[in-house]
Amino acid sequence: MRASLALTLILAILPAAQARQAVLPSTPPLVQKVDARIAARARHVLDGIVERDAPGVSIALVLPDGTEVTATAGFADIEAKRPMHATDRLLSGSVGKTYVAAAALRLAGLGVLDLDARAAQFFPGEAWFERLPNALDFTVRQLLRHQSGLERYEFQPTFWAALVADPDKIWRPEEQLAYIADRAPLFPAGEGWAYSDSNYLVVGLILERVTGQRFNEHVREHLLAPAGLVDTVPSDTRRIPGLTQGYCRALAELGVPERVLVDGQFVIHPGFEWCGGGYASTPRDLARWTARLYSGAAFAGDYLPEMLATVPADATLGRKARYGLGVIVRETTLGEARGHDGIMTGFLAATAWFPAHKIAVNTDEGRVVGEPLSTLLVELASLALEELRRVAR
């Protein structure tokens, strides 16, 4: 798979109130010089990714005083020879699950949603729901933590055939979940772990019933707008403003062409992702959200203990990886990393925040990157820290 890549790093060595002056006691020209050094070293890393056949990569670094450093490499559109820009939007895939989990945690903190309530209570007498595996047993928390026993509807070949055959179809979650109806559960509810977008489609429906709002409207009002994330938009239409070209080879046998945009229109309807992902964002916005969410500042209340109550997920997500509520927790040489990975037709993304160093990074994983995600994250975080510490000495 060739994919347009987005990579973003946020650095906050000290709390924001202390600002950069405490870290970099220097004159503005020296500050500019260190910013340029970080950008140049990051660009060197990106050039290496492009040399391994990635079309384009974009990164943004936000320093403690809010200064933003960007770097790009390669093309947003190879055929048109249009360079990648830091302002290009890219699909973030399953990173969008973080908005779902945040919305659920916020409502739980307000006493509006019980995370340990059985999902069945929100769908009384609805035949489509009762046909789901473990329908009467799994809870909201188990859905958010991928412990429901539901398999992935999006891996059903018949679903993809229907998606490609009718690219203008606007899918309802109930229609997508019908692809796993009447099938045996992967395991009894709460007794295993298996990553599945199906879980988050059910949660999205629950959130809409609890709030009386469309999910994307609720996220914009309560999570994106308060954070000033104006460049993050739902991917609920085939024409997404500012979306860069993506490239995909893995789905050719299903009829998906390599270029995922034709005359600015997505070749399938990306809205099918919905609460399984469902957003396009700039690297800058996604990194700001990553730092805000995983540092505990996304909304009022102490939601991190609930979010970070994790279960083993190493069978799918890598050695010692664990999954909480919309968070993958990994151990790295820089300490714990909190984040989420994502893939959407033509795009790769991942986020991570390192609480031990107050660093947030979002980058892309995949063979085209040429090294494990955790290794690349640590490399980029380390080079930025090195430059800031050099000036602080």
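Quick notes on this one:
- Of all the numbered requirements in (1) over 23 Å from the mean Cα position of the chain (by Cα); (2) buried (at least 20 other Cβ atoms within 10 Å of the Cβ); (3) not charged (D, E, K, R), Gly48 misses one, and that requirement is (2).
- Some residue of the stretch 337-355 being more than 13 Å from the chain's Cα centre (by Cα) and at pLDDT below 85: yes
- Sole residue being surrounded by 15 or more Cβ atoms within 10 Å (Cβ to Cβ), more than 18 Å from Leu186 (Cβ to Cβ), of a type outside the set (Phe, Trp, Tyr) and out of contact with any His (no Cβ under 6 Å at 6 or more places or on another chain), chosen from Pro124, Pro173, Pro133: Pro173
- Any hit, the stretch 215-228, residues being of a type outside the set (Val, Ile, Thr), closer than 24 Å to Pro173 by Cβ and touching a Ser or Thr at 6+ places or on another chain (Cβ under 7 Å): yes
- Every residue from the stretch 176-189 that is under 24 Å from the mean Cα position of the chain (by Cα) and either closer than 12 Å to Ala119 by Cβ or surrounded by fewer than 21 Cβ atoms within 10 Å (Cβ to Cβ) (or both): Leu177
- When residues of the stretch 294-319 are limited to those that are aliphatic (A, V, I, L, M), at pLDDT 95 or above and outside any loop (DSSP other than H, G, I, E, B), the one surrounded by the fewest Cβ atoms within 10 Å (Cβ to Cβ): Val311
- Members of the stretch 223-263 found to be of a type in the set (Gly, Ala, Ser), loosely packed, with under 15 Cβ neighbours inside 10 Å and modelled with pLDDT of 95 or more, listed by number: Ala225, Gly228
- Test result for Ser198, hydroxyl-bearing (Ser, Thr, Tyr), touching a residue at least 12 places away in the same chain (Cβ under 8 Å), closer than 19 Å to Gly271 by Cβ and surrounded by 23 or more Cβ atoms within 10 Å (Cβ to Cβ): yes
- Criterion (of a type outside the set (A, V, I, L, M) and within 20 Å of Pro226 (Cβ to Cβ)) met by exactly one of Thr237, Thr290: Thr290
- Taking first residues from the stretch 213-238 that are without any contact (Cβ under 8 Å) to a residue 60 or more places away in the chain and charged (D, E, K, R) and partners that are outside any loop (DSSP other than H, G, I, E, B) and surrounded by fewer than 19 Cβ atoms within 10 Å (Cβ to Cβ), the Cβ contacts under 6 Å between residues at least 6 apart in sequence or on separate chains come to Asp236/Gly271.
- Test: Ala356 is part of a strand (DSSP E or B) and not basic (Lys, Arg): no
- Complete set of residues in the stretch 323-337 that are buried (at least 20 other Cβ atoms within 10 Å of the Cβ) and either among the aromatic types (Phe, Trp, Tyr) or not in a loop (DSSP other than H, G, I, E, B) (or both): Tyr323, Ile328, Val329, Arg330, Ala337
- Residue among Val112, Val62 that alone is modelled with pLDDT of 90 or more, among the β-branched types (Val, Ile, Thr) and out of contact with any His (no Cβ under 8 Å at 6 or more places or on another chain): Val112
- Residue within the stretch 159-178 that is out of contact with any strand residue (DSSP E or B) (no Cβ under 9 Å at 6 or more places or on another chain) and over 30 Å from Arg89 (Cβ atoms) present: yes
The values are calculated or read from the model by the stated rules, or taken from the named source; none is laboratory data. A quick note: this is a predicted structure, and the numbers were derived from the prediction, not measured. Glycine gets a Cβ as well: all are built from the backbone with ideal geometry, and neighbour counts include every protein chain shown.
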